[in-house]
Amino acid sequence: MLILARKVNERIIIGDDIEISVVEIKGDQVKLGVNAPRDVKVYRHEVYESIQRENRLAAESAGEIPDVDDLFGSSRSDERNKSSDDR
């Protein structure tokens, strides 16, 4: 990890198009300004973790495919068996 010391109104450049500015320092809180292209997603760490957690849960639940009989009830499989008996 690179650690840099900055004062209010000083900036850090990341790549060619991302700029981080120290806007304000008040007690133990530092306010940063981020200037980046619209296609670059910028999140606070706790928000990013929450998004990742929700995405994992959604992906896990999407993998669970319910049994057809559970969706339509057992009468549907009874009808299928009955029509095969009629042949």
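Condition check ((1) touching a residue at least 12 places away in the same chain (Cβ under 8 Å); (2) of a type in the set (Lys, Arg); (3) in a strand (DSSP E or B)) across all residues:
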{"site": "ASN9", "(1), (2), (3)": "yes, no, no"}
{"site": "ASP16", "(1), (2), (3)": "no, no, no"}
{"site": "VAL23", "(1), (2), (3)": "yes, no, yes"}
{"site": "ILE51", "(1), (2), (3)": "no, no, no"}
{"site": "ALA58", "(1), (2), (3)": "no, no, no"}
Just the residues that are more than 19 Å from GLU10 (Cβ to Cβ) and either of a type in the set (A, V, I, L, M, F, W, C) or surrounded by 10 or more Cβ atoms within 10 Å (Cβ to Cβ) (or both), please, taken from the range 23-41.
VAL40
Within the range 5-22, tally of residues that are more than 29 Å from the chain's Cα centre (by Cα), under 22 Å from TYR43 (Cβ atoms) and open to solvent by less than 70 Å² (accessible area, probe 1.4 Å)
0
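The values are calculated or read from the model by the stated rules, or taken from the named source; none is laboratory data. Only a predicted model underlies this, so the values are computations on that prediction, with no experimental measurement involved. So basically every Cβ, Gly included, is an ideal-geometry build from the backbone, and we count neighbours across all protein chains shown. To get the accessible areas, we keep the full protein, side chains included, count just its heavy atoms, and leave off ligands, DNA and RNA. Shrake-Rupley method; radii C 1.70, N 1.55, O 1.52, S 1.80 Å.
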